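Colleague: Have a look at this one.
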Amino acid sequence: MKVYFVGAGPGAPDLITVRGRQLLERCPVVMYAGSLVDRAHLEHARAAVEVHDTSAMTLADIGRVFQAARARDLDVVRLHTGDPSLYGAVREQMELCEELGIEYEVVPGVSSVFAAAAALRVELTVPGGTQTLICSRLQGRTPVPAAENLADLAAHRSSLALFLSVQEMEEVTRQLREVLPATTPVAVVSRVSWPDEQVVRGTLEDIAGRVAAAGIRRTAIILVGDALASAGGKSRLYAEDFHHGYR
């Protein structure tokens, strides 16, 4: 028996990886984050699959499902939104498996930050510009280390992706404007790759008002930085005088 922590991707059911889909088709027990993962994924599960919506489950509840599956020697797919390694609350579940002596594996998924960049048709690292992407969040019920406050992160002038923060857009822009110009480009992508996806573009000066007018309060990625607006220079990758093995 084995538990597979599978990244379901940002929303659209066809953005799950081939490996994730194959496990979903094979495993007799599926647990999924019902508040975030599209139920359409379950259409690819095997007949008579045992399904558990974890949106109202505690860690102890999850552990009981794992143990019940082990007692019957049934593999489990645990579907997480996006990629499990980013804000997936997967670490404690892996530790639980270790405590229970249950084998597990993590299958990566498409993160919403990369789906958002695709929706915006931008490259987050730009030749001649930033070569760095910082992923973070505004402090909420989950604390953020003092050294990782938004102003200090933004001072690097790299591309910045903020998760779980759109509900406090005014505070986000206030902190970022401590070190960034008001004209800095910002984009907010809500429910990226879902049928009701919304894209709001602006600057640090006006994005909070635009997001409020759009009614976006959750399930959104905030992207900040000059890479959103600048085409940048050309990379050396395709230069005629640049010979290498990476094309």
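The values are calculated or read from the model by the stated rules, or taken from the named source; none is laboratory data. Predicted model only: the values in this text are computed from it and were never measured. Backbone-built Cβ (ideal geometry, glycine too); neighbour counts: all protein chains shown.
Colleague: Quick one: what pairs do we get from segment 139-167, first residue of a type in the set (Val, Ile, Thr), second part of a loop (DSSP other than H, G, I, E, B), C-beta under 7 Å, 6+ apart or different chains?
Modeller: Partner pairs satisfying both residue conditions: Val166/Ile216; Val166/Arg217; Val166/Arg218.
Colleague: Sticking with this structure for a sec: Please indicate, with yes or no, whether at least one residue in segment 224-243 is modelled with pLDDT of 95 or more and under 30 Å from Ala40 (Cβ atoms).
Modeller: No, because not a single residue in segment 224-243 is modelled with pLDDT of 95 or more and under 30 Å from Ala40 (Cβ atoms).
Colleague: Checking the structure you have, find out if any residue of segment 55-70 is acidic (Asp, Glu), at pLDDT 95 or above, over 23 Å from Glu25 (Cβ atoms) and outside any strand (DSSP E or B).
Modeller: yes
Colleague: If only one of His80, His44 is outside the structural domain of Leu164 (by TED's automatic domain parsing) and either more than 23 Å from the chain's Cα centre (by Cα) or within 25 Å of Ala220 (Cα to Cα) (or both), which one is it?
Modeller: His80
Colleague: For segment 162-215, give me each residue that is surrounded by fewer than 19 Cβ atoms within 10 Å (Cβ to Cβ), hydrophobic (A, V, I, L, M, F, W, C) and more than 27 Å from Ala40 (Cα to Cα).
Modeller: Those that are surrounded by fewer than 19 Cβ atoms within 10 Å (Cβ to Cβ), hydrophobic (A, V, I, L, M, F, W, C) and more than 27 Å from Ala40 (Cα to Cα): Val179, Ala182, Ala212, Ala213.
Colleague: Further question on the same structure: Checking Ser35 against (1) touching a helix residue (DSSP H, G or I) at 6+ places or on another chain (Cβ under 9 Å); (2) small (Gly, Ala, Ser); (3) more than 22 Å from Cys135 (Cα to Cα); (4) buried (at least 18 other Cβ atoms within 10 Å of the Cβ), which test does it fail?
Modeller: Going through the list (1) touching a helix residue (DSSP H, G or I) at 6+ places or on another chain (Cβ under 9 Å); (2) small (Gly, Ala, Ser); (3) more than 22 Å from Cys135 (Cα to Cα); (4) buried (at least 18 other Cβ atoms within 10 Å of the Cβ), Ser35 breaks only (4).
Colleague: Restricted to segment 89-103, and to residues that are assigned to a loop (DSSP other than H, G, I, E, B) and without any contact (Cβ under 8 Å) to a residue 24 or more places away in the chain, which residue is nearest to Thr58 (Cα to Cα)?
Modeller: Top of the filtered list is Ala89.
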